[in-house]
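Notes to accompany the following structure.
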Amino acid sequence: MSDRPLLPPMAFITPEEIRKFHKDGFLVLEEFFSSDECDAMRAQIQRIIAGMDVPLSCRTEFSTKQEEQLQAQGSAEYFLTSGDQIRFFFEKGDFLIPKEKSINKIGHALHAYDPIFKKITHAPKVQALARKIGFQDPVVVQSMYIFKQPGIGGEVTPHQDATFLHTEPLGRVVGLWIALENATQDNGCLWFIPCSHTSGVTRRMVRAPPGTIPCTQFVGSEQVYDDSLFLPAPVGKGGLILIHGQVVHKSEPNRSERSRHVYTFHLMEAKETVWSKENWLQPTSRLPFPPLYTEN
Ligand code: FE2
């Protein structure tokens, strides 16, 4: 049993848990959201999928080199301009199964444009959590709904989120990862190397020059991590995992018959922080990064 007191959500996190987060670089908070809140997000995503409109280039395998090049350009554009949109991304090559079974994730602005996800993102308990970890002026930089489909949800290799979401200085980005159904070792829960968030990043993903395929490239290389250093972080439905931007984490393929749906978003402490202009994700005039501390 956790020693977290059964208090209203505003008082839900203990000083000991805050210390643990800063020490380990991640923290599992069971039952942060209710089962009803999780079901509301899942039902909303089903409505979004029912109405989704996906460019053919993202759902078709082409045979000639020229067609492949056109597809790559279309996909790159679709990804690079998804920061202020609700867009759909699929498992590689799984074009023969129904789209609702092969969808990998929806990104990257559910938090801004969908009323259910906006409400969850700005929930008073989320704002209180951000305050507790010391954020003074947090903004929401992106959000994703991840499906980890049964049997085909692929592995996510070891990485640090700051590789993709770089700031000056480092240490200003935190991920909130909400399990919408039980996440276990069987269906692909997260794994972490505790205390791995204190020594910078060795790899960055940056935008390639306009028109280049692929549209992003890596500078530096990911370290090789000893597999035995990773600890699994299973969490029940409604649980939230706080992820420091530099902590090393991964997930295994989903080899089970159960999905592992997750809603996740990233916050950045905007005070005295510079968002890298080289990040693939950029605020736009349509969607500047919205402040977290607002009502919705
Ligand atoms: Fe990550």
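The values are calculated or read from the model by the stated rules, or taken from the named source; none is laboratory data. The structure presented is a predicted model; accordingly, all values stated were derived computationally and were not measured. As a convention, Cβ positions derive from the backbone with ideal geometry for all residues, glycine included, and neighbour counts pool all protein chains shown. What goes into the accessible areas is simple: the full protein's heavy atoms, side chains included, and nothing from ligands, DNA or RNA. Shrake-Rupley method; radii C 1.70, N 1.55, O 1.52, S 1.80 Å.
Among (1) polar (S, T, N, Q); (2) out of contact with any strand residue (DSSP E or B) (no Cβ under 9 Å at 6 or more places or on another chain); (3) within 16 Å of the ligand (Cβ to nearest atom), there is one condition residue 285 misses while meeting the rest; what is its number?
(3)
Going by the structure shown, is residue 172 surrounded by 14 or more Cβ atoms within 10 Å (Cβ to Cβ) and modelled with pLDDT under 95?
Answer is no for this residue.
Taking residue 154 as meeting all but one of (1) closer than 15 Å to residue 261 by Cα; (2) at pLDDT 95 or above, write down the number of the exception.
The one condition residue 154 does not meet is (2).
Exactly one of these conditions fails for residue 186: (1) open to solvent by 40 Å² or more (accessible area, probe 1.4 Å); (2) within 23 Å of residue 109 (Cβ to Cβ); (3) in a loop (DSSP other than H, G, I, E, B); (4) in contact (Cβ under 8 Å) with a residue 40 or more places away in the chain. Give me its number.
(2)
Could you please find all residues in region 151-160 being buried (at least 21 other Cβ atoms within 10 Å of the Cβ) and near the ligand (Cβ under 8 Å from one of its atoms)?
Keep residues of region 151-160 that are buried (at least 21 other Cβ atoms within 10 Å of the Cβ), which gives 153, 160.
Within region 151-160, just 160 meets the criteria.
Take region 271-289 and flag every residue that is in a loop (DSSP other than H, G, I, E, B) and open to solvent by less than 30 Å² (accessible area, probe 1.4 Å). Step through it out loud before you land on a result.
Taking region 271-289 and keeping what is in a loop (DSSP other than H, G, I, E, B), we get 271-273, 276-289.
If the condition is that a residue be in a loop (DSSP other than H, G, I, E, B) and open to solvent by less than 30 Å² (accessible area, probe 1.4 Å), then 273, 276, 279, 280, 281, 287 are the ones that fit.
Considering every residue within region 197-218, establish whether at least one is within 16 Å of the ligand (Cβ to nearest atom) and of a type in the set (A, V, I, L, M).
The answer is yes, given that some residue of region 197-218 is within 16 Å of the ligand (Cβ to nearest atom) and of a type in the set (A, V, I, L, M).
Scan region 79-99 residue by residue and report those that are in a helix (DSSP H, G or I), under 22 Å from residue 155 (Cα atoms) and at pLDDT 80 or above.
Selection gives 79 alone.
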